Structures are given as structure tokens and as C-alpha cells.
Amino acid sequence: MKRRRKSGQKQRKYASRFAALVIVASLGLLLFWPYIRTGFLKAFIPVGRGTPGFLEERTAGDALFTGGDTLLRAPIGGTIKFLVKDGDTVRVGDVIAEIGDKDAISAVQESLALARDNLEKFEEGTQGEFSRLARETQAAYESAVRSFFELQRVFACGDVRSLPEKERAFLTETNVLSDKRSRLMAIENERARLKGEVELLEKIASQSAVRVLAPVAGTFSSTVTDVEDKVRANDISQKDASELMVLAQKVRGSRTFSIQDGQKVKQGDPIGRIISGEKVSFFLPVKTEERPDIGLGKRILIEYEDGFTLNGVVTGIRDGKPPGYSVLSGEIQYVPVDRYTYAARISLISKRFNGILVPVESILEKDGQTGVLVVQKTYARFVPVEVLMVKGDRAVIKGISETDEIVLKAAKFLEGRRVR
């Protein structure tokens, strides 16, 4: 009996202790519940802010540049004397240098005689055609004018049946006139070129020394490279990616040198350049798998290794040259003289969007809209946004501010629920 009484006392003692422990635990849970809940939400529902920034699509490689400068060559051999300095701005016809030599005049006279002979032969060879085309062009012009007024008359009368026939007649007359004028202009342009050569050589022959005149306006530079002819080849636009990459490496490793006053030069030697920097073409070989999805006429940004940028436009895309490679070509309207180069490591930026950078996981779809869960006080609310670009695990969006807190790993069931 005593043993049974002691056992009951122990059980009541343990029960009272357990009840006290439950009461204490409940009070503790009640007191610390806000902190426990916050910790739980932070652990399983990450909340944060987006950051202002941008995403871009860029393709890097070694590019070649052509155009934008004119190479000057010695018209004869002799001793050179420069009349302008590096960095001087020159205009068309300005005297860049003089080359003196005892045989200079005779060499120029021979060249002048040849130029005059070429001009005379051309004029004799095209005189008959020119006269005939001049008569035919005048007749075609008069016929086109008559056809035009006839077309206007039919149109004004409302003669719908005759209108197509008159339109075809007028188009035919204008095409004939255009063809004849094009040929006339081609003859005259070639004659003007030959006559210009004669006049230039006549001017040179009148001087005691041969003068090198500026053929274009720009900035003079006496620095040239040992790959001038390779860079200026007319068929550079037809080279495939492998050829362009090899050439770019050669150009970047090429030797530069300057012609000095009093130096002896040979006929045809490069003696300097005039840099205008206008309408520079670029050629960028890349792997086809890395080629950006762009079309002709697309405006792009060209960034050099030091961060300097230029605006350009894509004018050509050639894939499979050779297989697995592509060549992107384009035009830069103007390159500053101090940045002008034949080859450089560049990045072609085809897309760049500024906005708020957020994880891709924070974006979700709801009722055909794209948005994020913005934390308003302690609850998640769906806010529509515009996704400008996605790259990897990040996206740049527009529609929220940098101070807005969002759910970094969004899920539809969290909308309207407490997340902090």
C-alpha cells in the first residue's frame, strides 16, 4: 500500500513539472514568436532590392579598319622636305612636301607627256560616241517631256483605260533618258579624271622641285606602317574570317616608322598619310555561335579595350566563311584622329538596356502579365513590370524603383501572403 502511494506521488510530481515546462515553453513561444516567424520567413522567403544597372550583348574580337585616311606616296625619287608638321590640318591642294632631284623635271615631263597622250586618245576614241549620245539624250529628253504631258492630259481627262499605257510609255522614255545620261556622265567623268592628271602634272612641271599636294582634307601624319598595301587591298571586304584574323594579328604587330626631313625616298615609297577619320569601315571576324542576332542597318556601339566607344552601323553579315565563322562589317561615321588605327581589339555591343537588375527567379507570370512580388509593409503584392533583357540568371526590368523590396525567389502562392 505504501509502495502504491509513493508511485502515485512521483507521477503527480512529474506531471506538475511537465505542466510547468509546457507553460514556460508556451510563454516563451508567445513572447519570441515574432522573432521566430521573422527568422523562418528570412530563411525560406528571401527578400531584397534590385540594383540600378544595365545588361548588354557584346561580341569581342580583333577588328580591321579601312578608309578614313589617304596614303601619300613619293611621285619621284629624291630628297624630301616637309612643309607641314605632324598634326597639322591641311586642305585639298596644300603643299605637303617637296622632293628635289636633278632628274626630277625630266621624270615629270615624261609623265606629263604620257598623261596628255592618254587624254588625247580618250577624247578621240569617245568623240563620236559622245556626239551621238548628246543628240540622242536631247531627243530622249524631249520625248520624255511629251510623254509626261500626255500622261497628265490622260489623267486629267479621267481616261482610265489609256492611263496604264501612257504610264508605261513615260517610264520607258525616262529609262532610255537615264541610260544615255549615265553613259554620258561616265565618259565625262573619265575625261575629267584624265584632264585633272594633266593639270596636276603641268603644275608640278612648272616648279623647280616636285611638290606633293594634299589630295584630300584632313590631318597630316608622317607615320606609316610596313603593312600599308595589305590593309588597303581592294579585296579586303572579300576575305574570309580566318584571313582577316591573321591579317589583324599582322597589323597589330606591324612596325611603324616616320619619314624625316632630308631623307632619301624612292618613287612610290609611302611618305605619310592624311587622316580624315570619316566613313571608316570595320571588319570583325567571330565564331558563328557567338555572333549576335542583328540585321543590316542595326546601330551598334564599338568599345575599345580602354573603354573608349564609337557609334557604328552594321552594313554586312557573312556566315560560313569558313564554316563555323562569320564576318560582321559596318561603318563608323567618324573616328577621331588620335583614335584612328588599322586594327584593334574591340567589343561590338549590339544591345544595352538600363533599368533595375533583379534575379530571373524573382519574375513570374500572372494572368498574361509579367511582374514581381513587391513587399508592401509585410505582404507580397504582384506588380507588373517590363522585362527589357535577360542574360544568364539576371534580368533588367522597368516598372519598379531601386528602393522597392521584392521577393527574390517568387512563387504564385506567396502573393497576398505575409513574407516578413
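Each value in this text was obtained by applying a stated rule to the coordinates, not by laboratory testing. If you're wondering where the values come from, they're calculated on a predicted model, not measured in any experiment. Virtual Cβ from ideal backbone geometry, glycine too; neighbours counted across all protein chains shown.
Per-structure values
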item: Computed log₁₀ I(q)/I(0) - Debye formula, equal Cα scatterers, no solvent, the range 296-420, q 0.11, 0.13 Å⁻¹; result: -0.60, -0.71
item: Alpha carbon centroid spacing (whole Å) that separates the range 234-313 from the range 112-132; result: 39 Å
item: Reachable aspartates and glutamates from Lys398, criterion Cα separation under 17 angstrom, eight or more residues apart if same chain; result: Glu56, Glu361, Glu365, Glu386
item: Value of D in µm² per second that Stokes-Einstein yields for the range 145-271, Kirkwood Rh from Cα pairs, at 20 °C (1.002 mPa s); result: 101 µm²/s
item: Radius of gyration and Dmax over the Cα atoms of the range 102-209, both given in Å; result: 23.1, 79
item: GNM flexibility winner over the chain from Asp367, Asp88, Asp293 (Cα, springs under 10 Å); result: Asp367
item: Additional length obtainable on full extension of the chain from Asp240 to Thr403, 0.36 nm per residue less Cα span; result: 53.6 nm
item: Stretchable slack from Lys264 to Arg420, in nm (0.36 nm times residue separation minus alpha-carbon distance); result: 47.8 nm
item: Listed residues Ile274, Ile317, Ile45, most fluctuating in the chain (Gaussian network, C-alpha, under 10 Å); result: Ile45
item: Cα-Cα pairs of the range 231-345 separated by more than 24 Å (percent); result: 34 percent
item: Separation of the Val360 and Asp86 label points, Cα + 7 Å toward Cβ, nm; result: 5.1 nm
item: Full-extension gain in nm, Phe148 to Asp319, via 0.36 nm per residue minus C-alpha separation; result: 56.9 nm
item: Cα→Cβ-extended label distance, 7 Å offset, between Thr370 and Glu202, nm; result: 6.9 nm
item: Förster-model FRET efficiency, 22 Å R0, Cys157 and Asp179, C-beta, rounded to 0.05; result: 0.10
item: Residue with peak Gaussian network fluctuation, the chain [Cα springs, cutoff 10 Å], from Thr174, Thr79, Thr59; result: Thr174
item: Mean separation of Cα contacts under 8 Å (6+ apart) over length of the range 61-185, as relative contact order %; result: 19 percent
item: Burial order of peptide ranges 300-307, 68-75 (average beta-carbon count within 10 Å, highest first); result: 68-75, 300-307
item: Rel. contact order, % - alpha carbon contacts under 8 angstrom, at least six apart, the chain; result: 26 percent
item: Kirkwood hydrodynamic radius (C-alpha pairs) into Stokes-Einstein, the chain, 25 °C and 0.890 mPa s, D in µm²/s; result: 82 µm²/s
item: Dipole magnitude of the range 254-385, debye to nearest 20 (Cβ charges: Lys/Arg +1, Asp/Glu -1, about Cα centre); result: 140 debye
item: Computed label-point distance, nm, for sites Phe308 and Gln127 using a 7 Å Cα→Cβ extension; result: 5.6 nm
